[in-house]
Structures are given as C-alpha cells and as structure tokens.
Amino acid sequence: MEPWVVATSLIFAYLIFTLILGLIANRKLAIDMEDFLLYGRQAGFVVLYLTLVSTYFSAFAFLGSSGFFYTHGVGFWAAGTWTAMTGVTTYTLGSRIWALGKRFGYITPADMLADFYESEIVRVVVALVSVLFTILYIQVQVLGLGYILSIASGGHIPFQLGTAILLAVAVLYLIIGGLRAVYWTDVLQGVWMYLAIWVGALLLTYKLFGGPLQLWRQVAAERPDLLTLPGPQGFFTPGMWFSMGVVLTFGVVIQPQMMIRYYTAASARTIKWLGATIPIYSITLYIPAALIGLGGALTIPEMETPDRIFPVLLFRYTPPWLTGIVLAGAVSAAMSTLDSILHANMTVLTRDIYQRYIRPQASQAHYVWVGRTIALGLVVVAYLLSIYTFDFLVLLVALSGAGALQLMPAVCGVCFPTRFILTKTGVLSGVGVGLLVLYLTAIVYPHPLTLHGGVWALGANLILTLIVSRFSQPPHPETIERIHGTLEEFVYGQGEKALN
Amino acid sequence: MKLPSEKKIPQYHNHYLPRSRQGWIGLILFLFLMILAEPPIVTSWANRIEPWIFGVPFLYGYLTIIYCFLIAVLIWISWRKL
C-alpha cells in the first residue's frame, strides 16, 4: 500500500473517532447555556487538565516549536519560563475567575468585567477584542490543518479540500455536543499529541544519531552556535528572552478560550492543582521538540521552511504507519486549539452580543441554536481567511496573543483587590492606547530595543490605566464590596463557602 | 441611612502580596528561581556548553534543573493550600 494511503487513512480514522465522541457527548447534553457553553461547571481535574494543555498547544506549537529549535537553537528552551508562569497565573488568577464565575453566574470574560466596571462599553470592547484577536488565530490553525493533510497525503488531497474536511469535522462535533464534545475530544487529543511527539522524536533520534545523548554531542561538534544564546540569527537577546516570557504567559491566559475554561472547573482546588501540574506537561513537551529541531538542523541543514522539519523527517526515516499516527497527533493539536477558539468566540458572540442586545428574553434552547449557527458562520469565515490570505490578516495573526494581553490590567483590577481601584474610563483608555502602541511597536517599528512590542504596549496600557483611574469615577461602593468582598472572603476567609 | 453614592469605597489589603509566612516563602522561592532563569544570568554566566550536565550541554541542563525546581515549588504551594 502506498505510504500516503496509510498515513492519510490513520488521520481519517482519528477524525471519525472524534465525531463518535461528539455524538456520545450529545446524548449527555442538556439544552441550556450552562451545559452547552460551560460543561455545567463540572469539569474534573483530568478533563480540565487535558483540555487546557491541548488548547494551549496548537499545530504551530507542535510543528513550529521544532522549527524554532531548528532555526534559533536551544534559546527556545526559554519556553520553560513562560510555561511555569502559566502555571502560576492559572493557580492565582484562574481560581479567582472561577470563584467569581460560580458566585455571580458569569459565562464570558466580558460578563465579569462589565459587572465590576459597571459598563456596557467595557463589555462590547472586551468582546470585540477577544473575538478579533482570536478569530485570526483560527486562521493559523486552519492553515496548519490543511498543510498537514496535504503533506500526509503526498499532495493527493489538495490544501483547500483538506482544510474544508478538517474544519467540517471540528465544527460538527462542536455543534452536536457543545463544550462537552470539545472537552472529551481534547482529552483524546491531549494524550495523542503528547505520545505522538515523544514517540516520533525518540524513534528519529535513535535511528539517526543512536540516541539523545549522542545527538547533543554531535550538535556540539558540528553546530555549537545552536547551543548558546542568542542563537545563529541573534534572536534570543536578553530583551527578547524576557519579553517573550511576559507576552506568552499572560497573553495566553487572558485569551477567552482559556478564561472560559476556568469557569468550568468543579472546584477551586481543581484549578489550583492544575496550576501546579500543568507545567509538567507543557515543559516536557518541548524536550522532544528540541531533539527534532536540533537533529533536523544536522540532518537536513537547508530546509526552506523549518516548521516542516518534523513531518519531513518522519516521511524520510520512519514507516508510513508511524508517520500517520504522529501526523494525526499534529492534527489533534491543531483541532484542539481550533475547536476551543471556535467555542470561545461562539460563546462571546452569543452571550455578549446576541443575548444582550438582540434578543434578551429568548429560551435557553434558542440560544443554544444561535450558538450553533454562529459557530457555522465562524467556520465559513475561517475557511475564507485560509483561502484568501491578505497581508493585513497575516499581521493581525502576529498580534493575536499580544492583543489579548491588553485586557490584562482590566482583569487584574477585578481579580486582585487593592486600595487603588481601577475605573471603566481608566481601563478603556488603557486598552485603546495599548492597541495603538502594539501596532506601532509590533508592526511599524518592530520590537524596539529588542523588547517584544507586546511588552511596550502593556507598559503604556498600564501607565495610562493607572493615571486615568486616579482621576475618574470608580465603580459604586456596593459593586466593589460585592465583588472584591467575595474575593476577600474566598481567598482569606471561608473559602468556597463564601460563594454560596 | 447613607445613600448608596455616599458610602465609602471599601478598602481591602493588597491581594498581590502574601499574608502568611509560608506564602512569602513560596513567593520568594519562585521569584529567586525565575531570576536564575532570566537575563542577565541566563545570557551570561549560564550561557555556555561546558561543563556537560548529565550528558546535555550546560545551558540546557541548567535550565532543565531550574524548571524542575519551579515545578516542585508550585506543587508544594498547592499541597500546602496557600
């Protein structure tokens, strides 16, 4: 049998299995928004763990991380710092977001921010920023999916057809089974991609070099520039090392698909243990990526597109069945992020725009069907974006994480009480200037003084937020007492009993 | 009875800083380890290949050890319910 037939068949077998999971999830689905959008706020540790990590790791983390090690060397091991920090923010911020969601029934990030800042303008701005900066991240996943299927099939399945097939599968199990289907497929995907990258990396390393330790020695002998900073192309300067940590820690956690997951936990202890243990998965996933990237740099030194190093090595040096299994892992990485972003944007648009302003008094079943329709619409948009790639869209993709990061001061103003209260005017001003500075420092004059544009934007955002808040009207004392008082009792008082 | 608008703004202690001894220990330990994994240490003193650590280049091995300790601190913080 042709290798591409084997590889592609395994990928399709995986897709069929995800559809089956979606159908099973549908049988347990309650037709109300809390179940369809938030898993009934009953996600246990294992499910939430795997959905968080599989949402975090997309196709470009699966493939792109190897490419980064290939191009820039061991400097990408900086990933350990931001994954450890992601654990901290999950532990501290995630548990507070969960507590407020449980106490006040929040479903979206904008619910929480609009409530505290007493502003529908805040709601709309947060919803728009969330959707705008993540919808283009959908395009990144779609491109990755189409590319993977095209490579796996040896070009027999064209990019456009492959993209359409994978998008159809992802949106189908989402609209059939809601967040329950997303979570169950994420469990499968989280395990599959982890095993796939480790098995693929170890097999390649032993076949090509005799083992990981031998690989490191050979890299030191032939390409020592890959083993120190700033790397062959001078990317990992001190400023870039530090600022990537800031952007990739907080910029990921603040994105709606991550924040919504905090609402779905069964308890605060679940979130805290997630925070403590997620870095284990995250950090160890980069170990095989390093082996693939560095080994690839020795084996195929002139790759035009280093992101392709993993599938290229697989096709050249491993049997087709293994290539299929590992590429199914890449598909799972992309789909797990894609379905999470689709779900998050569906939730935000249904709750913050449709339910709020278009049809406030409809039934739960009505909103579920509206959500399903919105998901279909988002998929069509994503497909068109993947086919017609405009220059400005490419730029906006690069801004995705750094853009969502601009909501961080507003979120911290709610979740971390201090004597100084942020105001709606302050946070709106901060978001506005943050996005403007982001455009200037990430696009027009990229990364001044080697600091990532996201850090410049966050700095400007924070300064203006604090200054404007000092001279503008805070929320009503009753609101501050209700929300900050809840957090005070939750964190330093009765714990979860304070939420009843 | 005070009108809602006349009520004073509630004041809460800073939630960014720990309030217990163990909380401070956890915070200081974590920050100390992060400093070891950030510039200038990681881009100067730790930025070399020799000596090898358990068969891997120094920079990579050094960072791996730091990350293991960071995870251990996080698990300790969660286990102590801080």
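The values are calculated or read from the model by the stated rules, or taken from the named source; none is laboratory data. Here the structure is a predicted model, which is why all the values come from computation and not from measurement. Note: ideal-geometry Cβ built from the backbone for every residue, glycine included; neighbour counts use all protein chains shown.
Here are the numbers for this structure:
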| item | result |
| --- | --- |
| Qualifying residue in segment A:278-285 (condition: over 18 Å from the mean Cα position of the chain (by Cα) and free of Cβ contacts under 8 Å to residues at least 40 places away in the same chain) | no |
| Qualifying residue in segment A:268-291 (condition: more than 14 Å from chain B (Cβ to nearest Cβ) and either of a type in the set (A, V, I, L, M, F, W, C) or surrounded by fewer than 23 Cβ atoms within 10 Å (Cβ to Cβ) (or both)) | no |
| Boolean, A:Ala79 is more than 11 Å from every other protein chain (Cβ to nearest Cβ) and part of a helix (DSSP H, G or I) | no |
| Selection status of B:Asn47, out of contact with any helix residue (DSSP H, G or I) (no Cβ under 9 Å at 6 or more places or on another chain) and facing chain A (nearest Cβ under 9 Å) | no |
| Selection within segment B:33-82 - among the β-branched types (Val, Ile, Thr), touching a residue at least 24 places away in the same chain (Cβ under 8 Å) and more than 30 Å from A:Gln494 (Cα to Cα) | B:Ile66 |
| Residue identified as crowded, with 23+ Cβ neighbours inside 10 Å, within 18 Å of the chain's Cα centre (by Cα) and not aromatic (Phe, Trp, Tyr) among A:Ile148, A:Ile97 | A:Ile97 |
| Unmet criterion (only one of (1) at pLDDT 95 or above; (2) over 19 Å from A:Gln257 (Cα atoms); (3) among the small types (Gly, Ala, Ser)) for A:Ala410 | (2) |
| Only one of A:Ile97, A:Ile107 that is modelled with pLDDT under 90, more than 30 Å from A:Gly239 (Cβ to Cβ) and either outside any loop (DSSP other than H, G, I, E, B) or of a type outside the set (Asp, Glu) (or both) | A:Ile107 |
| Matching residues in segment A:54-78 - criterion: being at pLDDT 90 or above and of a type in the set (A, V, I, L, M) | A:Val74, A:Ala78 |
| Residue within segment A:142-150 that is among the aliphatic types (A, V, I, L, M) and either modelled with pLDDT of 85 or more or not in a helix (DSSP H, G or I) (or both) present | no |
| Some residue of segment A:395-404 being under 23 Å from A:Thr86 (Cα atoms) and modelled with pLDDT of 90 or more | no |
| Complete set of residues in segment B:51-82 that are buried (at least 17 other Cβ atoms within 10 Å of the Cβ), within 8 Å of chain A (Cβ to nearest Cβ) and more than 16 Å from the chain's Cα centre (by Cα) | B:Val56, B:Pro57, B:Leu59, B:Tyr60 |
| Filter result for A:Val219 (in contact with a helix residue (DSSP H, G or I) (Cβ under 7 Å, 6 or more places away or on another chain) and at pLDDT 85 or above) | yes |
| Subset of segment A:202-247 (residues that are more than 10 Å from chain B (Cβ to nearest Cβ), over 19 Å from A:Gly296 (Cβ atoms) and among the small types (Gly, Ala, Ser)) | A:Gly234, A:Ser243 |
| Among (1) part of a loop (DSSP other than H, G, I, E, B); (2) facing chain A (nearest Cβ under 10 Å); (3) of a type outside the set (Lys, Arg); (4) surrounded by 14 or more Cβ atoms within 10 Å (Cβ to Cβ) - the single one B:Met34 does not satisfy | (1) |
| Pick from segment A:60-76, criterion within 17 Å of the chain's Cα centre (by Cα) and not hydrophobic (A, V, I, L, M, F, W, C), ranking: farthest from the other protein chains (Cβ to nearest Cβ) | A:Gly64 |
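Yes/no per residue for (1) farther than 27 Å from A:Ala328 by Cβ; (2) more than 19 Å from the chain's Cα centre (by Cα); (3) of a type in the set (Gly, Ala, Ser):
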{"site": "A:Gly211", "(1), (2), (3)": "no, yes, yes"}
{"site": "A:Gly234", "(1), (2), (3)": "yes, yes, yes"}
{"site": "A:Thr237", "(1), (2), (3)": "yes, yes, no"}
{"site": "A:Met244", "(1), (2), (3)": "yes, no, no"}
{"site": "A:Leu248", "(1), (2), (3)": "no, no, no"}
{"site": "A:Gln255", "(1), (2), (3)": "no, no, no"}
{"site": "A:Tyr262", "(1), (2), (3)": "yes, no, no"}
{"site": "A:Ala268", "(1), (2), (3)": "yes, yes, yes"}
{"site": "A:Ala276", "(1), (2), (3)": "yes, no, yes"}
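Okay, residues lined up against (1) free of Cβ contacts under 8 Å to residues at least 60 places away in the same chain; (2) closer than 20 Å to A:Asn26 by Cα:
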position: A:Thr318; (1), (2): no, no
position: A:Thr323; (1), (2): no, no
position: A:Ala334; (1), (2): no, no
position: A:Thr337; (1), (2): no, no
position: A:His343; (1), (2): no, yes
position: A:Arg351; (1), (2): no, no
position: A:Pro360; (1), (2): yes, no
position: A:Val368; (1), (2): no, yes
